[in-house]
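Participant: I'd like to ask you about the structure that follows.
The values are calculated or read from the model by the stated rules, or taken from the named source; none is laboratory data. Because the structure is a prediction, the values reported are computed rather than measured. All Cβ positions, even for glycine, are placed from backbone atoms using ideal geometry, and neighbour counts span all protein chains on display.
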């Protein structure tokens, strides 16, 4: 990557997973520039039109608008860095706007179904404690980053059979069978040679790192394949969060309480609910 950009974001504390995604997108972008211009272009020669052509090419590959917007954000981050270190006189991406998202935020599954899946998962004798613990936390509406808590964030009460986890802006509480399963997995994790409860083993280093999104999605896909209809989309952390938010809203939970439970700002929670309600109305209109 040009002029030490990757090293710069490493020093800022970007996760390994994020850095890999940046490397992938920027690799694609510079390959596009090389293939488009036989003489190639240096970063200071790249124009806004070149970036627009790249984004158009990604649309032609049937990438989603949200994915293309993420790629644009990565390109913007890189050019802002190059501008700050005086490697480009003018940032060619600064005036480029995100593409408008016309996709609806569909509600793929209800929270009632998720609770049923959770019961099946907990009772499945063939599932590991890791898979059960991941789904128990996913059902609480955790984002990927929130799975990366360390062992000191966990408080276990053996007398009351409760588990409390301090995650970012909120606390997660487990009781009963969920507490037992998480507690058993937690004690198992104490031998993983890492400060993190959930880990992903890195082939390039001996020491495991915090869990990556693909590790989580792999477990959710196994559960989906076993318990959901064949034509149903596989569970994701996003689909679970949407289902939980809609369930809370329909049960007359306040926006403030929803924001606290999901660990987000109130305005974000309000927009989240608004988008979900629009999706519900859209679904109903197209099934009448």
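Participant: Can you find a residue that is within 18 Å of residue 82 (Cβ to Cβ), out of contact with any strand residue (DSSP E or B) (no Cβ under 7 Å at 6 or more places or on another chain) and touching a residue at least 24 places away in the same chain (Cβ under 8 Å) anywhere in region 58-66?
Facilitator: No, there is no match, as no residue in region 58-66 is within 18 Å of residue 82 (Cβ to Cβ), out of contact with any strand residue (DSSP E or B) (no Cβ under 7 Å at 6 or more places or on another chain) and touching a residue at least 24 places away in the same chain (Cβ under 8 Å).
Participant: Now for a different question. What helices (runs of 4 or more DSSP H), lying completely within region 213-284, carry at least 2 residues that are modelled with pLDDT under 90 and either touching a helix residue (DSSP H, G or I) at 6+ places or on another chain (Cβ under 6 Å) or buried (at least 17 other Cβ atoms within 10 Å of the Cβ) (or both)?
Facilitator: Filter on region 213-284 gives 237-250, 255-262.
Participant: Go through the residues of region 68-86 one by one and say whether even a single one is in a loop (DSSP other than H, G, I, E, B) and at pLDDT 85 or above.
Facilitator: Yes, region 68-86 contains a residue that is in a loop (DSSP other than H, G, I, E, B) and at pLDDT 85 or above.
Participant: Residue by residue through region 56-67, note down the ones that are in a helix (DSSP H, G or I) and more than 14 Å from residue 24 (Cβ to Cβ).
Facilitator: Answer for region 56-67, where residues must be in a helix (DSSP H, G or I) and more than 14 Å from residue 24 (Cβ to Cβ): 56, 57, 59, 60, 65, 66.
Participant: Then there is this: Among the residues of region 175-194, count how many are exposed (fewer than 14 other Cβ atoms within 10 Å of the Cβ), on the phi < 0 side of the Ramachandran plot and not in a helix (DSSP H, G or I).
Facilitator: Summing the residues that are exposed (fewer than 14 other Cβ atoms within 10 Å of the Cβ), on the phi < 0 side of the Ramachandran plot and not in a helix (DSSP H, G or I) in region 175-194 gives 3.
Participant: Here's a follow-up. Got at least one residue in region 99-108 being in contact with a helix residue (DSSP H, G or I) (Cβ under 8 Å, 6 or more places away or on another chain) and closer than 30 Å to residue 42 by Cα?
Facilitator: The answer is yes, given that some residue of region 99-108 is in contact with a helix residue (DSSP H, G or I) (Cβ under 8 Å, 6 or more places away or on another chain) and closer than 30 Å to residue 42 by Cα.
Participant: Give the number of residues within region 1-21 that are within 18 Å of residue 92 (Cα to Cα) and modelled with pLDDT of 90 or more.
Facilitator: Residues in region 1-21 being within 18 Å of residue 92 (Cα to Cα) and modelled with pLDDT of 90 or more: 1 in total.
Residue by residue, here is whether (1) loosely packed, with under 13 Cβ neighbours inside 10 Å; (2) assigned by TED's automatic domain parsing to the domain that holds residue 201; (3) over 21 Å from the mean Cα position of the chain (by Cα) holds:
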| residue | (1), (2), (3) |
| --- | --- |
| 7 | yes, no, yes |
| 10 | no, no, no |
| 31 | yes, no, yes |
| 34 | yes, no, yes |
| 40 | yes, no, yes |
| 51 | no, no, yes |
| 91 | no, no, yes |
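Participant: Ok, one more. Can you find, within region 128-157, the residue that is surrounded by the most Cβ atoms within 10 Å (Cβ to Cβ) among those that are at negative phi, touching a residue at least 24 places away in the same chain (Cβ under 8 Å) and assigned to a loop (DSSP other than H, G, I, E, B)?
Facilitator: Here the answer is 142.
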